[in-house]
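What follows is a set of notes on a single structure, which appears directly below.
The values are calculated or read from the model by the stated rules, or taken from the named source; none is laboratory data. What you are looking at is a predicted structure, and each value in this text was computed from that prediction instead of being measured. Glycine also receives a Cβ, built like all others from the backbone with ideal geometry; neighbour counts cover every protein chain displayed. Side chains included, ligands, DNA and RNA excluded: accessible areas come from the protein's heavy atoms. Shrake-Rupley method; radii C 1.70, N 1.55, O 1.52, S 1.80 Å.
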Amino acid sequence: MSRYAETYASWQSDPEGFWSDAAQEIDWFVPATRAFSPKSGVYGRWFEGALCNTCYNCVDRHVEAGHGDMIAVIHDSPVTETVARFTYNDLKIQVGALASVLRALGVGKGDRVVIYMPMVPEAVFAMLACARLGAIHSVVFGGFAARELATRIDDASPKVIISASCGIEPGRVIAYKPLLDEAIEIAANTPEKCLILQREALACELMHERDVDYAETVGTAIREGETTECVSVAATDPLYILYTSGTTGQPKGVVRDTGGHMVALKWTMENLYGVKPGDVFWAASDVGWVVGHSYICYGPLLHGAATVVYEGKPVGTPDAGAFWRVIQDHQVVALFTAPTAFRAIKKEDPVGALIEQHDLSKFRTLFLAGERSDSATIEWAQKRLQRPVIDHWWQTETGWAMSGNPVGLGTFPVKPGSPGKPMPGYDVRVMDDEGREVEPGTLGNIVCKLPLPPSGFPTLWQAPERFISSYLAEFPGYYATSDAGIIDGDGYVFIMARTDDIINVAGHRLSTGAMEEVIADHPDIAECAVVGIADDLKGQVPMGFFVLNDGIARHEAEIERELVAAVRARIGAVAVFKSAIRVPRLPKTRSGKVLRGTMKKIADREEFKTPAAIDDAAVLEEIATALKERGVP
Ligand code: COA
Ligand code: AMP
C-alpha cells in the first residue's frame, strides 16, 4: 500500500507542520522559530531566522557521528580509466583544505565563485568548499562555449573561478583553459584569481598571474593540516546561482537558498528515492545541471549516502554496458538519468544483452527526468531491467521533483506517459490562458499555487523584476511553470510541451531565442527562426530557418556552415545546432509574429491547421518545399 495519499493530505492540512517535521533531519546552528514567514520575500520565505551551513550537514556531521569511514564520493571515469573513492573523512580534509585556499584567495561569505569543470570529484569539493565559507557558487556546464561562460561571469561577478585544464569527451580532449581565458577576455568583470586543476590528459602551459595551481595549493594545505570552520549563514542566504535558459540569450540566474534546500532534498532521499544512508546513489547527469547539483552533490551527501561522479557516457565509453558496469562495480541502488541516455543504450543494445552480463542484484530503481519519457523507452527499460522505472518531473527553478511516484512511501500504479502525481509541497493546477482552472483531462498551462515549497527559488539573481514578469505575473498567486499538460481524473500529471521557446535536447534545456540571436548577427541574414524538431535519440534537436538579405548571391550551403559554426562557437557543442535551411519567407501572423509552432509541425510531419491569423498561407507551402528539398524529414 502506498502512503502517498495520506502523506500528501498531511502536507495539505498543515504545510508548515509538515516541513517543520522534515527540518528535524537537518542540524541547525540556530533553528527557525517557525517554518514559514508569509510576509517575507516575494511569496514568503522558508526557515527565516535559522542559522546553518550546508557543508556541515553534508560532511562534518557525518564524521562527527562516527561515519567518517563510510564512502561519500566515488569517481568513476572510463574516459581516464580511473576509479577513486573518498570517505567522509577524506571529503572533510579535501573540502576543508580547499575552503582554506579559497579564503586565502579572498573568498568570504556572500562572494560568488564560478565553477567550470568536467566531471571530476574536485567539482563536488569546490561546491562544498563554497558552501563551507558561505560563498555562492555558480557552476557552468562544460559543454558551453566561452561566450556563454562570459555572460555568466558578467552576471555573477565572481571573485574566483575554479576550473580545470581540460575535459574529456569520447575521442577528444577539450582544452578548458583557453575557453576560460577567452571568456575572461570577453567579460567585463574579471575575477581576481583562477584556481586551475591540471589534468594529465592535457595540462595547460599558459598560466597567467591570476592563475593558481589547484593541486599544489590544496596539496600544501592538506599537508599542513589547514582547514576552515563551517561559516554560519542564514537559512535564507543563497547557496548557489544556477543559470538556466530563458527565452532570450540572457540566461536566468536561478537563486537557491540554503535552509529550505537542505530540508527538501533530505526529505526526498528516503521518501521519494527510497535510499538509506550508506546506500550508493547515482545521478548520471552533470554537475552543471540542476540534477547534478541536487543529486550528484547535495542530496546524497546530506543523507550520508555515497554518490557516484561519473565521467563518461551511456554509450561509447566503451559500450552500451557502461551503466550496468558502474551499477555492478559500485553496488548502486538507484540510478537517475534522462530518457535520452536510455534511448542511446536501447539503440546499441536492443535486446539488453549487456544487462544480462552484469550483476545488478543491489539495483532497485531507475528514475528518469529532464524531458518527456516516451512509453517505448519506459517499457523497454522495465522489461529489460525487471525493476520499477519512475518518471518524475523537474525544473531548475524548483531543485527537486514537482511530481513523481515516491518509492520510500510505497509507489502507486504507474500510468505510462505520466511523471506521477504532485509531490507534497506542490499544489499543481492546470489553467487556460485566462487563468481559469480547466476540467480534469484538459490540456492547459501547468501552474503551482504559491508558495513554492522549500528549495523553490525565491528570486532571480540581480533580476527581481524578471522573476516576477517571467514566473508570477501571468497567473497571479501561482508560479507559471511554462510547461503545458494535463492532470487526469485520478490526479496524474502529464507534461506535454513547453509553452515558451525552450527546447529539450538530449535532456539539456536550451533556448531557441539564444540561437536566433546568434544567427541574426550574421551579416547576410535578414531574419530567422529556430524550432525544436523531433529526434529519435535526443528527443528534440534545433533546426534553423533563415531568410537572406536581398542581393546576397553566396551559396546557401556556405552560409549554413557559417551559421552552424557560429552557434557552436557562441553557445557551445551542447546546442547540437547542425542544420539551417534557407527559406524565401517566414510564416507570420498579420501582426508579425513568427509561427514557429506551425513550422515545427510541418518539419515533424504532424497534422496542423493553417492558423487563422496567418498573413499569407502560401508561405507554409514554401517551408514544406524547402524541407522536402533538404530531405527533411
Ligand atoms: N564538455 C564539452 N563538450 C560536451 C560536454 C561537456 N561536458 N557534454 C557534451 N559535449 C559535447 C559533445 O561532445 C557533443 O559534441 P559533438 O557535437 O562534437 O559530438 C555535443 O556537446 C552534444 O552533446 P550531447 O547532445 O550530449 O550528445 P552526445 O552524442 O555526446 O551524447 C547522449 C548523447 C544521449 C549519450 C548524452 O546526451 C547523454 O547522456 N544525455 C543525458 C543528459 C543528461 O544527463 N541530462 C541531465 C538531466 S537528467
Ligand atoms: P531543467 O530546468 O533543465 O530541469 O528543465 C526543465 C524542463 O524539462 C521542464 O520544464 C520540462 O519541460 C522538462 N522536463 C523535466 N522533467 C520532465 C519529465 N519527467 N517529463 C516531461 N518533461 C520534463
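Any residue at all in region 161-173 that's open to solvent by 10 Å² or more (accessible area, probe 1.4 Å) and in contact with a Cys (Cβ under 9 Å, 6 or more places away or on another chain)? Steps first, please.
Here is the first cut: in region 161-173, the residues open to solvent by 10 Å² or more (accessible area, probe 1.4 Å) are 168-173.
With in contact with a Cys (Cβ under 9 Å, 6 or more places away or on another chain) added as a condition, the list becomes 173.
The answer is yes; a qualifying residue exists.
Within the set of pairs 6+ apart or on separate chains, which have a first residue in region 347-368 that is at positive phi, a second that is outside any strand (DSSP E or B), and C-beta atoms under 6 Å apart?
Matching pairs, first to second residue: Gly352/Arg384.
What number goes with the only condition from (1) in a loop (DSSP other than H, G, I, E, B); (2) assigned by TED's automatic domain parsing to the domain that holds Ala463; (3) over 16 Å from the mean Cα position of the chain (by Cα) that Val287 does not pass?
The one condition Val287 does not meet is (3).
Kindly provide the set of residues from region 197-233 that are open to solvent by less than 30 Å² (accessible area, probe 1.4 Å), in a strand (DSSP E or B) and either of a type outside the set (D, E, K, R) or farther than 26 Å from Asp286 by Cβ (or both), ordered by number.
Leu197, Val212, Val233
From the list Phe608, Phe577, Phe546, exactly one residue is surrounded by 18 or more Cβ atoms within 10 Å (Cβ to Cβ), farther than 24 Å from Thr244 by Cβ and of a type in the set (Phe, Trp, Tyr). Which is it?
None of the others qualify; the one that does is Phe546.
Select, from Glu371, Glu437, the only residue that is closer than 23 Å to Ala480 by Cα and free of Cβ contacts under 8 Å to residues at least 12 places away in the same chain.
Details: Glu371 fails: free of Cβ contacts under 8 Å to residues at least 12 places away in the same chain.
Going through Glu371, Glu437 in turn, the sole match is Glu437.
Filter region 376-405 down to the residues that are touching a Pro at 6+ places or on another chain (Cβ under 6 Å) and among the charged types (D, E, K, R) and list them by number.
The one that is touching a Pro at 6+ places or on another chain (Cβ under 6 Å) and among the charged types (D, E, K, R): Asp391.
Check Ala529 against each of (1) within 16 Å of ligand 2 (Cβ to nearest atom); (2) of a type in the set (A, V, I, L, M, F, W, C); (3) open to solvent by less than 40 Å² (accessible area, probe 1.4 Å) and name the one condition it does not meet.
Ala529 satisfies every listed condition except (1).
Given the criteria open to solvent by less than 10 Å² (accessible area, probe 1.4 Å), in contact with a His (Cβ under 8 Å, 6 or more places away or on another chain), more than 9 Å from ligand 2 (Cβ to nearest atom) and at positive phi, does Gly399 qualify?
Working: open to solvent by less than 10 Å² (accessible area, probe 1.4 Å): yes; in contact with a His (Cβ under 8 Å, 6 or more places away or on another chain): yes; more than 9 Å from ligand 2 (Cβ to nearest atom): yes; at positive phi: yes.
So Gly399 fits the description; yes.
Of all residues in region 282-338, which are hydroxyl-bearing (Ser, Thr, Tyr) and more than 16 Å from ligand 2 (Cβ to nearest atom)?
Step one: of region 282-338, the residues hydroxyl-bearing (Ser, Thr, Tyr) are 285, 294-295, 298, 307, 310, 317, 337.
Result: Thr307, Tyr310, Thr317.
With Thr365, Thr411 as the choices, which residue is within 16 Å of ligand 1 (Cβ to nearest atom) and surrounded by fewer than 22 Cβ atoms within 10 Å (Cβ to Cβ)?
Every option except Thr365 fails the conditions.
Within the group Gly425, Gly417, Gly410, which residue is out of contact with any Gly (no Cβ under 7 Å at 6 or more places or on another chain), closer than 18 Å to Gly260 by Cα and in a loop (DSSP other than H, G, I, E, B)?
Gly425
Among the β-branched types (Val, Ile, Thr) and part of a helix (DSSP H, G or I): which single residue out of Ile468, Ile486 fits that description? If you could, list the steps in order and put the result at the bottom.
Values: Ile486 fails: part of a helix (DSSP H, G or I).
Unique residue meeting the criteria: Ile468.
Counting only residues that are in the same structural domain as Ile184 (by TED's automatic domain parsing) and buried (at least 18 other Cβ atoms within 10 Å of the Cβ), give me the strands (runs of 3 or more DSSP E) lying completely in region 53-130 with at least 3 of them.
Counting at least 3 such residues, we get 71-77, 112-116.
For Asp536, state whether it is over 24 Å from Gly288 (Cα atoms), of a type in the set (D, E, K, R) and within 25 Å of the chain's Cα centre (by Cα). Please lay out each step first, then the result.
On the way: over 24 Å from Gly288 (Cα atoms): yes; of a type in the set (D, E, K, R): yes; within 25 Å of the chain's Cα centre (by Cα): yes.
The answer is yes for Asp536.
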